[in-house]
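What follows is a single structure, written as structure tokens, with notes after it.
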Amino acid sequence: MSKLQVLDHPLIQHKLSLIRDEKTGSKEFRELVEEVAMLMAYEVTRDFPLQEIEVKTPVAIAKSKVLAGRKVGLVPILRAGLGMVDGMLRLIPAAKVGHVGLYRDPKTLLPVEYYCKLPSDIAERDLIVIDPMLATGGSASAAIMFLKDRGAKNIKLMCLIAAPEGILAVQTAHSDVDIFVAAVDECLNDHGYIIPGLGDAGDRLFGTK
Ligand code: PRP
Ligand code: URA
């Protein structure tokens with residue numbers, strides 16, 4: 001079974017409360033989502049290997065550490081996942097970004113693919129699939145499947161808020177994919193929305209309704 005990690009850092013939890021608030025407008029919502037994504041990236045990359053190098057300081061030679069040439073790919077699920085990309089790129093600027101376009105059919109709640117553009121070398125990259133919401137888990141499971149079909153081997157999933165149903169769905173379909181979230185909420189309502197959640201992440205990010 002894949003690991004589930006809830007990132008309970010006080011800054012993440014504080015900002016998440018502001019994100020949830022219905023009074024938070026699109027501009028502030030976007031900024032907060034970006035900031036939380038950056039803070040989460042710090043934890044999601046904790047297992048990246050280091051290698052030792054020597055650095056000449058102004059006074060001596062220091063044995064120091066740098067990242068061991070890991071190639072990273074970020075894969076936002078369109079469209080709400082876009083809101084998390086810039087925050088992550090601030091910490092991992094060399095990452096390539098692939099896009100998977102999926103929307104949930106409002107009646108069936110099943111994901112419908114409309115776009116897919118990925119770096120050509122995804123098989124060699126550590127991929128982080130990003131989406132603010134993990135509700136039924138249909139979109140994340142489908143996105144991960146697209147990546148695996150195209151050769152991806154090393155995949156993590158990072159979301160702001162997850163429902164227990166979505167976590168179970170992804171863990172069942174993809175037991176090799178570790179999941180990182182800022183919160184696990186109570187349940188889904190009849191329309192597949194996370195309760196209490198934050199509403200429609202895409203609409204709140206982009207001011208649509
Ligand atoms: C939202 C969200 C996820 C999906 C989660 O996207 O950003 O991609 O729903 O639901 P699921 O776990 O039940 O699949 P939506 O389909 O609303 O599209 P959008 O990002 O374009 O608004
Ligand atoms: N998508 C969202 O944007 N919000 C939810 O609560 C569920 C799916």
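Bear in mind these aren't lab numbers, they're just calculated from the coordinates by the rules spelled out. All of these numbers come straight from a predicted model, not from anything done at the bench.
For the stretch 4-206, the Kirkwood estimate of the hydrodynamic radius, built from every pair of different alpha carbons, is 17.5 Å. By the combined test of axial Cα extent (at least 18 Å) and Kyte-Doolittle hydropathy (mean at least -0.5), the qualifying DSSP H helices of the chain come to 26-44.
Pairs of Lys residues in the stretch 4-206, spaced 8 or more positions apart or belonging to different chains, with C-alpha separations under 25 angstrom: 20 in total.
Per-residue Karplus couplings for the stretch 64-71, computed as 6.51 cos²θ - 1.76 cosθ + 1.60 with θ equal to phi - 60°, are listed in order as 9, 10, 9, 4, 7, x, 6, 9 Hz, Gly and Pro entered as x.
Between amide H atoms placed 1.01 Å from N, distances below 5 Å from Leu78 occur with Val100, Gly101, Leu102, all of them 5 or more places distant or on a separate chain. For the chain, the antiparallel share of DSSP beta bridges with both residues in that region comes to about 40%. Amide H to amide H, with H built 1.01 Å from N, Gln5 comes under 5 Å of Ile179, Phe180, Val181, counting only residues 5 or more places away or on other chains.
Counting every alpha-carbon pair across the stretch 118-209, the share separated by more than 15 Å comes to 58%. For the residues Val85, Val112, Val177, a GNM of the chain with alpha-carbon springs under 10 Å puts the largest fluctuation on Val112.
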